[in-house]
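Note sheet for the following structure.
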Amino acid sequence: MRADHSHRLVIVSNRLPVVLKAGENDWELKPGSGGLVTALAPVLSRNGGLWIGWPGTVTDEDISEPMQRFAEEQGYSLHPVYLSHEDVQGYYYGFSNEVLWPLLHGFHTRCSFEPWYWEKYQEVNRMFAREIMRSTREDDYIWIHDYHLLDVGAELKALQADRKCGFFLHIPFPSPEIFLKLPWRREILSGMLDFELVGFQTQADTINFLHCLRALCPWVDHEEWGNLLRIQCENRTVNVGCFPISIDFEQFEEQARSKEVEHKTAKLNLFHQDQQLILGVDRLDYTKGIPERLMALDKALSLYPELRGRISLLQLLVPSREEVAEYQALKEEIERMVGEINGRYTQPGWIPIHYLYRSLERQELVSFYQASGMALITPLWDGMNLVAKEYCVCNHREDGALILSEFAGAASQLYEDAILVNPYDVNGVAEAIRRGFYMHLSERQARMSRLRSIIRTYDIHFWLESFLKAAFEGQALEFPRDGLRSYLPKIG
Ligand code: ADQ
């Protein structure tokens, strides 16, 4: 921890950064995937500390031995929170993923506002608060993460906890028109005010939060305080700010320059000599806009037949929430579309879409980033989207082009040098693919060099330092590229 070395950092998130699976004789531990782990695991490995969360499996067996093994290898400790099947159904699949996830991404028609989900959510948040009290000390800094745990601040307050505690939301925060549909809107919002510091990904999220506060708690005052907003409620102050998350630039770059990755990339390049690979990398989720992306590729191949045989989409999907029927249906829809497009355009020696449905080792992922001439990142709404940043960092030859959705938080920092698209505009995305394909090497290099320089400066360590400075000193470092104000006028 750079901002204040005297406090141990305690990360609290729904899942621990590992996947625990029962092996033949022993538990197997694998690193978890997803944006939160990519961002935070290097922070704890570098600084030490404790991570509290659910191990991702329902068990009453003792798992302390594999947890200990992990701590020795990674340099920080894990503290598991055990959940029952019913907890997982109500709190995780229910309230977190059928209410908060769709609502905060603006898909309120996908929400299922079941009252028992809310009951379970509160119960599990209470359990997390108790585990925090059990496993931490007074001088620890407790950092709660993401939408699963919005109520932990309120539960800690109910336990009269004497811990410094901040919260960071990894996903978007919507405008009042959307948020007000939540039956428990007051409870959630006032629970968020029980943290000392609340961080969002973008200015837009911060402003939306403020508008929701004005609508639901008009008696609460606020003032601008440097890069933070200070909210006065009852007898306490809550700081609110925008902290766009990032990745460990050095770690990704070092891997991208390694011999193993260069070797893998050379093999891929050999295979796709005459074609430009366009990369799509996502967790399987309806917010990521994958069917819309496939429609745009289809459109590009039909409007610009000269691209046939010259571009191929490499779509990597990491399995996610596989037990949920909606996600299974999405996977089937994607696979049907891939089959149709490939059926329509494939020629001997070329197929338009290569499709992989699995979690990849980091090395393999990095070599895919490196071998791709374009990244096509088109979420319908996304808190940040780390894939956009990973692609740029791994492209150390600076010859790639980034096509990026306006609705990814990353656009608020990368808008000047990415090719921005509206993911709902199929013709617009098709045109961006064509533009990316023909973009001259010198323009690609100039753009990519600037993109990489932004990501290098505002990396995960800058993000950490900024959040902790806000937590301990009440001031945040500036992220000069996050300009909602400067970004909006760029949209044509
Ligand atoms: P996610 O929704 O998980 O994160 P994102 O930020 O894009 O989205 O991170 C995905 C991570 O998964 C990346 O680090 C990527 O490398 C990894 N990944 C993707 N496909 C993979 C594959 N096939 N194999 C292995 N790894 C793969 C949430 C929010 C985001 C926010 C992050 C961090 O939804 O908006 O950026 O948290 O705050």
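For the reader, a short list of remarks on this structure follows.
- Selection over the stretch 367-390 of residues that are among the aliphatic types (A, V, I, L, M) and near the ligand (Cβ under 9 Å from one of its atoms) gives a count of 5.
- Residues of the stretch 201-229 that turn out to be charged (D, E, K, R) and either assigned to a loop (DSSP other than H, G, I, E, B) or within 26 Å of the chain's Cα centre (by Cα) (or both), as a count: 1
- Check on H148, open to solvent by less than 30 Å² (accessible area, probe 1.4 Å) and farther than 19 Å from A471 by Cβ: yes
- Odd one out for R362 among (1) open to solvent by less than 60 Å² (accessible area, probe 1.4 Å); (2) within 13 Å of the ligand (Cβ to nearest atom): (1)
- Within the stretch 239-280, the set of residues being surrounded by fewer than 16 Cβ atoms within 10 Å (Cβ to Cβ) and among the aromatic types (F, W, Y) comprises just one member, F271.
- Residues in the stretch 301-312 that are touching a residue at least 24 places away in the same chain (Cβ under 8 Å) and either within 15 Å of the ligand (Cβ to nearest atom) or of a type outside the set (A, V, I, L, M, F, W, C) (or both): Y304, R308, G309, R310, S312.
- Looking only at the stretch 268-286, residues that are within 12 Å of the ligand (Cβ to nearest atom) and touching a Gly at 6+ places or on another chain (Cβ under 9 Å) come to 3 in all.
- For the stretch 89-108, a residue qualifies if it is in a helix (DSSP H, G or I) and open to solvent by 10 Å² or more (accessible area, probe 1.4 Å), and the qualifying residues are Q89, Y92, Y93, N97, E98, W101, H108.
- Per-region count, the stretch 109-119, residues open to solvent by 20 Å² or more (accessible area, probe 1.4 Å) and either outside any loop (DSSP other than H, G, I, E, B) or touching a His at 6+ places or on another chain (Cβ under 6 Å) (or both): 6
- From the list R230, R236, R283, R186, the one residue that fits, being closer than 27 Å to L100 by Cα, open to solvent by 30 Å² or more (accessible area, probe 1.4 Å) and modelled with pLDDT under 90, is R236.
- Residue in the stretch 172-183 that is in contact with a Leu (Cβ under 6 Å, 6 or more places away or on another chain) and not in a loop (DSSP other than H, G, I, E, B) present: no
- Taking the conditions (1) at pLDDT below 95; (2) in a helix (DSSP H, G or I) in turn, A161 satisfies each one other than (2).
- Screening L78 against (1) touching a residue at least 40 places away in the same chain (Cβ under 8 Å); (2) within 27 Å of E28 (Cα to Cα); (3) surrounded by fewer than 19 Cβ atoms within 10 Å (Cβ to Cβ) leaves a single unmet condition, (3).
- For the stretch 408-441, taking the residues that are more than 19 Å from the chain's Cα centre (by Cα) and among the aromatic types (F, W, Y), the one that is most open to solvent (accessible area, probe 1.4 Å) is identified as Y424.
- In the set Q315, Q328, Q275, Q232, only one residue is without any contact (Cβ under 8 Å) to a residue 12 or more places away in the chain and not aliphatic (A, V, I, L, M); that residue is Q328.
- When R336 is tested against (1) touching a Lys or Arg at 6+ places or on another chain (Cβ under 9 Å); (2) away from the ligand (no atom under 16 Å from the Cβ); (3) open to solvent by 10 Å² or more (accessible area, probe 1.4 Å), just one condition goes unmet, and that condition is (1).
- Condition check for S320: part of a loop (DSSP other than H, G, I, E, B), over 30 Å from S453 (Cβ atoms), open to solvent by less than 20 Å² (accessible area, probe 1.4 Å) and at pLDDT below 95: yes
- Flag for T265 being among the hydroxyl-bearing types (S, T, Y) and either within 13 Å of the ligand (Cβ to nearest atom) or not in a strand (DSSP E or B) (or both): yes
The values are calculated or read from the model by the stated rules, or taken from the named source; none is laboratory data. Quick caveat: nothing in here was measured; it's all calculated off a predicted structure. Cβ coordinates were reconstructed from backbone atoms using ideal geometry, including for glycine residues, and neighbour counts include every protein chain displayed. Ligands, DNA and RNA are excluded from the accessible area calculation, which covers all protein heavy atoms including side chains. Shrake-Rupley method; radii C 1.70, N 1.55, O 1.52, S 1.80 Å.
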